[in-house]
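Comments concern the structure below.
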Amino acid sequence: MKETSDTITTPRLLLRLIDSEAAEAILAGDLQTAGQMMGVTINEDLLDYHNSFKYGQKQLEDDPLYSPWSARAIILPDEKVMIGLIRFHNRPDPEYIYDYGKNAAEFGYSVFLNYRQRGYATEAVNAMMDWAEQKFGICRFLASVSPDNTASLRLINNLGFLKVDEIMDDVDGMEHVFLRVKQ
């Protein structure tokens, strides 16, 4: 994994921070402008994540230090196409996850439908956890997954996460909470 100030590079992917201007264009539904700003083609599937971008923009307004933890485009560099999204929900150690331990961060991810089942999500998740550990010393990671999302449940299980809770999310409904402690 290589990193610049705004991009994490894996063998097949770039995980590029989506800056506020590109996020505003996405929120306005202007994927062409956002894509030009980021140097990629953005699939219309991204419009399904409007609430995620609103949440991220609110996080940045409330806490400018959230920036490196915010939304990143998952990009196939050879095709210059965005195939998904990954982000941490907050900076590490927000109070709401203290029950699962200190020095923890929660993340979420999605790979667009036409790019699933190729290992991209696994590669992106591993890179984000490595980045957080190497750059900030974070070793505990949380992921909340719908019990109906068999692909994500398989991914999280294969990465060594253990189920530690079940919660009812106001937006997403029932979610299983998984924890991984990196050694």
Qualifying residue in segment 90-112 (condition: modelled with pLDDT of 95 or more, assigned to a helix (DSSP H, G or I) and surrounded by fewer than 18 Cβ atoms within 10 Å (Cβ to Cβ)): no
Within segment 137-169, considering residues that are β-branched (Val, Ile, Thr) and in a strand (DSSP E or B), the one modelled with the lowest pLDDT: 167
Single unsatisfied condition, residue 22 versus (1) of a type in the set (A, V, I, L, M, F, W, C); (2) crowded, with 17+ Cβ neighbours inside 10 Å; (3) under 19 Å from residue 107 (Cβ atoms): (3)
Boolean, residue 75 is in contact with a helix residue (DSSP H, G or I) (Cβ under 6 Å, 6 or more places away or on another chain) and buried (at least 19 other Cβ atoms within 10 Å of the Cβ): no
Pairs, first touching a residue at least 60 places away in the same chain (Cβ under 8 Å) and over 17 Å from residue 37 (Cβ atoms) in segment 79-91, second buried (at least 19 other Cβ atoms within 10 Å of the Cβ) and of a type in the set (S, T, N, Q), C-beta under 9 Å, six or more apart: 86/110
Scan of segment 120-170 for residues that are in contact with a Gly (Cβ under 8 Å, 6 or more places away or on another chain) and over 21 Å from residue 73 (Cβ atoms), ordered by number: 140, 144, 146
Set 60, 27: member being in contact (Cβ under 8 Å) with a residue 12 or more places away in the chain, out of contact with any strand residue (DSSP E or B) (no Cβ under 8 Å at 6 or more places or on another chain) and within 22 Å of residue 135 (Cβ to Cβ): 60
Subset of segment 43-85 that is among the hydrophobic types (A, V, I, L, M, F, W, C) and assigned to a helix (DSSP H, G or I) - its residue that is nearest to the chain's Cα centre (by Cα): 69
Any hit, segment 116-124, residues being at pLDDT 95 or above, touching a strand residue (DSSP E or B) at 6+ places or on another chain (Cβ under 8 Å), closer than 25 Å to residue 48 by Cα and hydroxyl-bearing (Ser, Thr, Tyr): yes
Test for residue 124: is it in contact (Cβ under 8 Å) with a residue 12 or more places away in the chain, among the hydrophobic types (A, V, I, L, M, F, W, C) and surrounded by 14 or more Cβ atoms within 10 Å (Cβ to Cβ): yes
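The values are calculated or read from the model by the stated rules, or taken from the named source; none is laboratory data. Since the model is a prediction, treat every value here as computed from it, not as a measurement. All Cβ positions, even for glycine, are placed from backbone atoms using ideal geometry, and neighbour counts span all protein chains on display.
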